[in-house]
Each structure stands twice: as C-alpha cells, then as structure tokens.
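> Dropping the structure in here first, questions after.
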Amino acid sequence: MKKISHGALANCKITEVTIPNSLIEIGKYSFSGCELKSITCNCANPPAMYYKYESGFYGVDKNIPVYVPSKSVEKYKNADDWKEFKNILPISAK
C-alpha cells in the first residue's frame, strides 16, 4: 500500500492503527472522527500529508502515543503534520 485515500477510514471506531513501511501519503481526513488511542507507523520517512488544515489525522487527539522506527523519531518530530503529536516514541517503547 502506498497511499491512504481521502477520508478512507473517517469515523471508523478503530482505536489503533499500524501503518506499513510502504506508505508514502495519507490523504486528508483519512482518520478523522476515529477513536485512536495509538498510532504505529513503520515508515522510515514520515508519510506526506499535503493538506495543512485538513490533515489525515484531523481531530485525532495529539497526545496519543505515535510509535515510529527508532532512527526516525527526530524526522517525525520535525515533519510538518507529524510534529503536532506530542508523544512521538520509538516502536521499541511499546
């Protein structure tokens, strides 16, 4: 999988999501309205979200843990749409 389409999982009652390392883009509102309690993203590079005010994680609590590859933590903390998350942690911390 390379892309999650706009609104693909919006309003689903999922509480966690694991994003495969093949993903390169997350469409706007992809996870909007979900009840996410954690995100695991296996991508070395943060997947792009090109819609500043219509993020793929629009409305998702920015205090939930986001687990990423340990060598990529700083990339996510500095990536425009990902840096809004306050708890970006290495996957090994799960």
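> So what is the calculated 222 nm ellipticity per residue for the chain, using -39500 (n - 2.57) for each DSSP H run with n of 4 or more, over all residues, to the nearest 500 deg cm²/dmol?
-1500 deg cm²/dmol
> Next question. Using r as the Cβ-Cβ distance of Asn11 and Ile91, and R0 as 35 Å, what FRET efficiency do you calculate, to the nearest 0.05?
0.80
> Evaluate the distance, in nm, between pseudo-label points positioned 7 Å from the Cα of Lys37 and of Met1 along their respective Cα→Cβ axes.
2.1
> Going through the stretch 13-94, which chymotrypsin sites (Phe, Trp or Tyr not before Pro) have at most 13 other Cβ atoms within 10 Å and a DSSP loop state?
The qualifying sites are Tyr50, Tyr53.
> Here are several values of Cα extents along the principal axes in Å: [x] 39, 27, 23; [y] 30, 23, 22; [z] 55, 27, 25. Which one was derived from the coordinates shown?
[y]
> So, one more: Residue farthest toward the positive end of the dipole of the chain, with Cβ of Lys/Arg at +1 and Asp/Glu at -1: which of Gly59, Asn42, Met1?
It is Asn42.
Readers should treat all values here as calculations from the given coordinates under stated rules, not as data from a laboratory. What you see is a predicted model, and the numbers here were worked out from it, not measured in a lab. As a convention, Cβ positions derive from the backbone with ideal geometry for all residues, glycine included, and neighbour counts pool all protein chains shown.
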